[in-house]
1. Could we say that His175 is open to solvent by 10 Å² or more (accessible area, probe 1.4 Å) and farther than 27 Å from Gly246 by Cβ here?
2. Can you list residue pairs whose Cβ atoms sit under 7 Å apart, with the first residue in region 209-220 being closer than 13 Å to Lys241 by Cβ and the second being open to solvent by 40 Å² or more (accessible area, probe 1.4 Å)? Count only pairs 6 or more apart in sequence or on different chains.
3. Taking Asn168, is it among the polar types (S, T, N, Q) and more than 14 Å from the chain's Cα centre (by Cα)?
4. Looking only at region 155-167, decide whether some residue is β-branched (Val, Ile, Thr) and surrounded by 21 or more Cβ atoms within 10 Å (Cβ to Cβ).
5. Could you say whether any residue in region 113-122 is under 29 Å from Leu14 (Cα atoms), of a type outside the set (Gly, Ala, Ser) and open to solvent by 20 Å² or more (accessible area, probe 1.4 Å)?
6. Restricting region 3-29 to residues that are open to solvent by 20 Å² or more (accessible area, probe 1.4 Å) and outside any strand (DSSP E or B), which is farthest from Ser273 (Cα to Cα)?
7. Answer yes or no as to whether Ser61 is open to solvent by 30 Å² or more (accessible area, probe 1.4 Å), in a helix (DSSP H, G or I) and either of a type in the set (Lys, Arg) or out of contact with any Ser or Thr (no Cβ under 7 Å at 6 or more places or on another chain) (or both).
8. Looking at (1) open to solvent by 20 Å² or more (accessible area, probe 1.4 Å); (2) within 16 Å of the ligand (Cβ to nearest atom), can you tell me which one Asp148 breaks?
Amino acid sequence: MPHLLMIGECMIELSQSNELGEYKQSFAGDVFNTGVYIKRCLKKSAQVSFLSVIGEDKMSSQLLSLMASEEINSRYLYRCKSNKMGLYIINIDHYGERTFDYWRENSAARQLMKLIKQDNSKMDFSSFTTLFFSGISIAILSSEDLLDFWKFIEDRRAHGCQIVFDPNYRPALWHSPQHAKEAFEIAYSLSDVVLPGVDDHKNLYHHESAAEVASHLEAKGIGEIIIKNGDLEVLISVDGKRTQIGITPVTEVVDTTSAGDAFNGGYLSARQSGKSVKDAVTYAASVAGCVIQHKGAIVPKTSFYAAIIPLV
Ligand code: ADP
């Protein structure tokens with residue numbers, strides 16, 4: 001059975017729910033969201049584990065309840081006394097424009113590599129068949145911890161685990177664009193499958209099109225490259241052979257926040273279940289299309305299953 005390891009940060013999300021300024025609380029984080037969608041698509045035919053750090057407080061315990069209800073394995077989740085989970089607020093102005101405020105500088109997730117090092121029980125990572133991380137997973141690590149992270153990824157890859165990376169470039173999390181580029185170049189060199197968005201590369205590499213992104217990544221010898229571009233075609237490059245897959249634009253877009261995360265979840269699930277790259281992109285687009293018609297990063301299960309047929 002496939003066993004996927006999702007490495008990243010999950011945060012407390014507060015989103016403004018009405019004009020009175022009341023907020024609704026939930027949890028979200030790019031890699032975590034992807035894990036939830038993978039588990040929903042693959043159900044009992046795959047195991048999904050989340051590797052991260054949370055606090056010992058009540059909110060952190062509530063995340064464990066959510067993970068249990070989504071059947072995400074929490075065995076690889078460390079708990080730390082000194083730090084709590086990060087938090088972000090989604091504000092919506094009078095015109096419906098969304099802005100985000102973050103409190104994540106001292107979040108527990110940043111302690112991950114230290115806790116793996118100190119862990120006397122020595123968690124066993126040998127059962128994982130696929131490992132997924134993003135540019136955000138690495139942006140929150142110190143330079144020293146990042147070196148340990150690369151060793152961890154190299155080690156898993158040497159043991160036959162497939163490595164998947166989505167750059168998800170967030171300039172505010174990096175000291176400089178150069179710093180991000182250096183890390184992304186290493187991440188790309190260690191990956192078997194990459195899932196960038198054209199916007200990530202526009203902002204960081206000044207690439208103007210999906211074709212330019214593909215050329216940059218093909219030159220690194222990456223075999224499976226999937227390039228997202230909002231409601232425009234997805235460009236795929238498999239062993240250097242390119243194809244474009246059209247997207248049916250959603251007319252009633254409600255919230256695009258986790259479009260890319262949902263796409264990644266649908267794509268990785270479909271590939272795990274044996275679908276071709278093209279069919280996996282079509283399935284991924286349907287998952288993303290469903291998610292952007294609802295508020296929040298993780299849509300309610302009932303709405304999800306009303307639109308998406310699981311792959312089992
Ligand atoms: P990100 O969240 O990484 O910026 P994108 O905006 O590129 O991701 O979107 C990811 C995927 O979500 C797209 O490849 C597409 O499948 C789907 N998507 C995004 N916007 C739309 C839209 N307006 N209509 C239909 N699908 C969309």
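The values are calculated or read from the model by the stated rules, or taken from the named source; none is laboratory data. The structure presented is a predicted model; accordingly, all values stated were derived computationally and were not measured. Backbone-built Cβ (ideal geometry, glycine too); neighbour counts: all protein chains shown. Just the protein is used for accessible areas: all its heavy atoms, side chains included, with ligands, DNA and RNA removed. Shrake-Rupley method; radii C 1.70, N 1.55, O 1.52, S 1.80 Å.
1. yes
2. Between residues of region 209-220 that are closer than 13 Å to Lys241 by Cβ and residues that are open to solvent by 40 Å² or more (accessible area, probe 1.4 Å), the close pairs are Ala214/Arg242; Glu218/Gly240.
3. Taking the combined requirement at face value, the residue does not satisfy it.
4. Yes, region 155-167 contains a residue that is β-branched (Val, Ile, Thr) and surrounded by 21 or more Cβ atoms within 10 Å (Cβ to Cβ).
5. Scanning region 113-122 turns up at least one residue that is under 29 Å from Leu14 (Cα atoms), of a type outside the set (Gly, Ala, Ser) and open to solvent by 20 Å² or more (accessible area, probe 1.4 Å).
6. Among those that are open to solvent by 20 Å² or more (accessible area, probe 1.4 Å) and outside any strand (DSSP E or B), it is Leu20.
7. Against the criterion (open to solvent by 30 Å² or more (accessible area, probe 1.4 Å), in a helix (DSSP H, G or I) and either of a type in the set (Lys, Arg) or out of contact with any Ser or Thr (no Cβ under 7 Å at 6 or more places or on another chain) (or both)), Ser61 qualifies.
8. (2)
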